[in-house]
Amino acid sequence: MYYYKMDDLQLVSNEPIEVLNFFKIESLNYFKRTFLVFNSPKYKGKQYFKITPSFTSLEAYESVKWLMSPHTNQISEELRVLSDRELLSGLNINPWITQLNTRDVEQIIIGFKGFVAEVTALDTGKKRIHLLGLGDVGSTLAIGLKLLGGERIHTLGVYDINEHQRKRYEMELNQVIVNPEIKVEALNGDDLFHCDVFIFCASKYVPKVGEKVDDVRMIQFEENSKIIEIYAKMARKMGFKGLFCVVSDPVDLLCRSVLEASNQNEAGEYDGLGISAERIRGFGLGVMHGRSIYYAKKLGIEYGANGRVFGPHGKDLICVNHINRYDHEASLALTNSVIRANVDVREEGVKPYIAPAISSGAKSILDAISGNWHYSATCMGSTFFGALNRQTIAGIEYEQNIFDDQLSERMITSYERLESLWQALKS
C-alpha cells in the first residue's frame, strides 16, 4: 500500500501515484479523513462511496450483489479501523489527474481538495432547492416540500416553461402559513443550477385517463430523455456541484441519461468531468414502499417495518414481505398488486400522482439530504437500481442482508433486465 497526505486528508492506494510523490508518508493517522484512491479512465460507476468492513474490491461494490451477499473480514486491519470510524471512502481520481497540468505543490493541494469537495456528501444545514416542472407531480411535490421542509430548506425555487404557472406557485406557496421561513422564488431558466439540490419533474408524455398503452415507461423514456439530457448538459456547462434528483419516469433510466450526457464533451466522448454518479438520484421507489404497506394490509400479508422494495419503478419491481423471513409466494402476490396500483387509480377516472409526488418525491428527497434511510435509485456499476440507503459523511451506505436464494434470483434478474433495457434503447 502507498500512503499520501494533503493537509488534513490522507490517501491510500494499491499502486504508486506519480503526481502525489510530493506527499508520501510512511504510515496512517487513524483519526484523519482518508480516501482509498484508484485511477481508472473508463470507470463510469461511483466516484465516491463508503467503504464498509465487508469491502472486498471496487468491482464487488459496483454490483447489485453488494446488497444481498455481504462478504466479511476481507478488508485489511488498518483500513478496517478507519472504516469503523467512518473516515474511509473510495475515490476515483482519474478526472482530477486528467485536468492536472502543474507540478506546483500548492496548486496540486488546492486542486485535489476542490475535487474532493465536488464529490463528497452534501454538508449539513438548510438547502436551496430548485424544482423544474410544475405539472401534476411537480406542483404537488412543491407543496409537499413547503409543508415538510422546514428543517432542511431555506429557499425553494420553482420553474416551469409556463410563466403563469411559476408565478402562481410563487404567490400561493408564499401565502401558506406552514413553514413561513421557507422563501419561495419564481426562477428564470438561467438560475436553475444555482442551488444545492435540483429536482427534475418535467415530463412530455403522461397517458390520459382511459388511454391504452402497451409500455408507458418506454414511451416516457423516449420523450423525457431528450429533455433531461438538455438539462444534464446545462448542469455540466454551469459547473453544478449539487444533488441532481430525478422524479420523472422512468427514473432509473433517466438517471443513467444524466450520468452519460453530463460526462461527455462536445465530441460525444466520455471524460468524467460532469456530474459524479453519487450526485445523481432517482426518486420513484418511495411510493412503491407506500403502496406495499397499503396492499399488504388488504391482502393480509406481513410487511410493516421489515418489508422492503427494490429495483426499478416498473414491472421489474421487487416487493419483499419480510427481509429476514422471505415468503416467495406472498411477495410475488404483493408485487403484482403494487405494480397494478396505477391502473387501480386510473380506473377511478383520475391520474395517480399525489402519492408519488409526496412519498417518492418530497418525503424521500428530504430524507436523502438529511442523511436518513430512504428509498432511491443509485448507481451500481453504472446501472441505477433502487434500494434502501442513506448518505453518510463517507458516502452512500446501503442496507445489506443475506438473501434467500429465490429472492437473490429475483434481484439479479431485475438488475440484468434493467441493464439490458438500457443497452437495447441505446443500440
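The table below gives the values:
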quantity	calculated
Checklist (1) under 20 Å from VAL247 (Cα atoms); (2) at pLDDT below 95; (3) within 18 Å of the chain's Cα centre (by Cα) applied to LEU421, failing item	(3)
Among residues of the stretch 395-427, those that are loosely packed, with under 13 Cβ neighbours inside 10 Å and touching a strand residue (DSSP E or B) at 6+ places or on another chain (Cβ under 6 Å), counted	1
Residue check for PHE244: touching a strand residue (DSSP E or B) at 6+ places or on another chain (Cβ under 6 Å), of a type in the set (Phe, Trp, Tyr), surrounded by 17 or more Cβ atoms within 10 Å (Cβ to Cβ) and under 22 Å from VAL197 (Cβ atoms)	yes
Pick from the stretch 91-109, criterion at pLDDT below 80 and more than 30 Å from the chain's Cα centre (by Cα), ranking: surrounded by the fewest Cβ atoms within 10 Å (Cβ to Cβ)	ASN101
Members of the stretch 393-427 found to be hydroxyl-bearing (Ser, Thr, Tyr) and either in the same structural domain as PHE35 (by TED's automatic domain parsing) or over 21 Å from GLY284 (Cα atoms) (or both), listed by number	SER408, SER427
Sole exception among (1) more than 20 Å from the chain's Cα centre (by Cα); (2) crowded, with 19+ Cβ neighbours inside 10 Å; (3) not in a strand (DSSP E or B) for GLY138, by number	(1)
Tabulated pairs, the stretch 347-362, first not assigned by TED's automatic domain parsing to the domain that holds ASP136 and β-branched (Val, Ile, Thr), second surrounded by fewer than 22 Cβ atoms within 10 Å (Cβ to Cβ) and in a loop (DSSP other than H, G, I, E, B), C-beta under 8 angstrom, 6+ apart or interchain	VAL350/VAL209
Filter pass, LEU273 being more than 30 Å from ILE97 (Cα to Cα) and of a type outside the set (Phe, Trp, Tyr)	no
Complete set of residues in the stretch 150-204 that are touching a strand residue (DSSP E or B) at 6+ places or on another chain (Cβ under 7 Å), part of a helix (DSSP H, G or I) and hydrophobic (A, V, I, L, M, F, W, C)	LEU173
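The values are calculated or read from the model by the stated rules, or taken from the named source; none is laboratory data. Everything quoted here is computed from the prediction, not taken from an experiment. Cβ sites come from the backbone with ideal geometry, for glycine too, and all protein chains shown count toward neighbours.
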